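Read-outs throughout are calculated quantities, based only on the coordinates presented, and are distinct from any laboratory measurement. The shown structure was predicted, so the numbers you read here are calculated from the model rather than taken from an experiment. FYI the Cβ positions are ideal-geometry reconstructions off the backbone, even for glycines, and counts take in every protein chain you see.
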Amino acid sequence: MYDNNGQLISVELDSWYRLPAEERLLGGELQSSPSESRPHTAQHNIGVGVDMKPTAKPLKQLLMGRRKFLSGAAALGVGAGLSAPAIASRVAAEEIAEIAWRDRDLPFIGTEETYSTDELIAKIAFNDDHAEFLKSLGLSDLGSSRISAMDDAGLNVQILSVHTPGVQNIPGREGIDFAYRLNKTIANGPMVTYPGRFQAFATLPLQDPAASADELERAVREDGFVGAMTNGHIGNKFLDHPDFEPVLARAEALGVPIYLHPGFPPKEVFDIYYRITRPGYNEDNQDYIFSGSGYGWHQEVLTQALRMIMTGSFDRFPKLKIIIGHMGEGLPFYFERILEDLGEVTERSLEKPIGQYFTDNFWFTTSAFPRSDLLHLLLKHVNVDRVMFATDYPFADMKQQTDWFRAVHLPREAKEKIAFRNAEKLFGIKVVRHKGPRPRPR
C-alpha cells in the first residue's frame, strides 16, 4: 500500500489495509480497496540478474480470486459447519501462503546478529546463572552450526555484533586490547572461513574515545568492518556528550554507521526505575528483565537518539549515520508526539525541524520484532529506503523471522529493499545468494 517512494498512498488506504482479513474480504459483501478507484502503478523487481516481472497480482485480481475460493468452497460443501469468520481466516491464511510462496527466493541480510566469547561472558555476566544462560545460547558458535541455522532460515549474510555491553565499560589498556582481540576474532575467523556470509560491526573501547576512533578506522580499513555498535550509556554519558565527538567525527569521515544498541542502566537509574524489593516478586530476576529487553532498553535507545538530535550532533556532523533496531525502539508510537512537543521548542536551537533528522541521519531495523502491524506503523513515518531486516539471533528465532517477512503484505520491490538492498547500499556489500529454492509453505 505504498508508492514508489515507500510512502503510504493515503490514510484511507492505510486504514483499509489495517482492517482484519475477514472484514476486508467478507464484511457481508466483499469490500473493495480504496485504491481500486486510483491509478495503479505496478511494482517490479529491480537489481542485477532479476527479470523485470510484476511482483504481485493486482489487488482486484487477488480479491476476485478469494471470492471464487469462497463461492467454490460453499458450492462444494467444503465450508459446511464453518462460520464466516472461520472461512475468512482460511482465506487470509491462503493469501499469506501465496505471498510467502511468491517471495520464497527473497535473499536476506541480518543486520543485528550477536556473538560473544567465553572471556567476554565471564566479564559481563551478573551471576553464574546468567553466564550459563549466555553460553547455552550458542553466542560463541561462529562455525558450522550457525551457518546451518542461517541456511535453514534462508539468511544469506549476518552482520555480527558483540553482546551488550561489549567492552565499552572496561577502562584503560585492558579495554583497548580486549576490543582489538574481539574484532580480530571475527576478522580472522568467520569472515575468512565463510567468505561473504559474515560482516561485522566493530567493538569499541569507549572509555577512551580517541582510542575508539582509531580502532574504528583500523577495523574498517584493515578488517573490512561496516561500522560500529555501541551499547547504551558509557559510564554516566551518552554519545551526545562532547567527549565522544572524536568517535562521531571519525565515523562520519569514514562514511560508516554507528548502531545504537541498548545496554543495562547505571545503578542509580536501575535503583530508581527498575529495582524490585518486595519479597516474592523478584525470584526470577524480574527487575533485570524489566530494565532490559522487557522494557527499559527500548526507552533508553530512543532517549539517546533524541539527545543526539537535540544537542546538535547532526548539525555538527551532518553526514553521520545512525542505526536503531527493534522496529524503531518505540519511535513509531511516539513519533507524532515528539514532533508536536519537541518541534517548536527546538526551532531556534537546531538547524532543521526535529523530524528531519530522522529522515536524514537514521536507519531502522526489524530485529526481534516480527510484527507486521509494527512494521507498517514504522513505514507510516519512515521511508522504506531506511528500513533493514534483522533477527537478533540467537536471542530470537532466525527462521521464524525470515518466514514472517516472506509473508508480509508489501510490494516485492519494498520487501527487497528491507530484506537486503538497503543494507547492501548502506554498508557497501553484496549479498551471497542462498543455494537452492526453499520449499513451498504448507
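Ordered by the count of other Cβ atoms within 10 Å of each Cβ, fewest first, Ser148, Ser89 give Ser148, Ser89.
Full extension of the segment from Arg275 to Ser148, taken as 0.36 nm per residue of separation minus the current Cα-Cα distance, would add 41.7 nm. Every Cα-Cα pair of region 204-363 was included, and the share exceeding 20 Å stands at 54 percent. Annotation for region 93-130 versus region 169-229: alpha-carbon center distance of 21 Å.
A rounded overall shape is assigned to region 109-427, the ratio a/c of its alpha-carbon gyration tensor axes (a ≥ b ≥ c) being less than 1.5. Measuring nothing but how far apart in sequence close Cα pairs (under 8 Å, 6+ apart) lie, relative to its length, region 109-427 scores a relative contact order of 18 percent. Our estimate of slack between Asp129 and Arg181, defined as 0.36 nm per intervening residue step minus the Cα-Cα distance, is 16.2 nm. Neighbour counting of Cβ atoms within 10 Å sorts the residues Tyr115, Tyr281, Tyr334, fewest neighbours leading, into Tyr281, Tyr334, Tyr115.
Shape class of region 294-347 from the alpha-carbon gyration tensor: oblate, with a/c at 1.5 or above and b/c at least as large as a/b. Among Val432, Val157, a tally of other beta-carbon atoms within 10 Å of each Cβ gives an order, fewest to most, of Val432, Val157.
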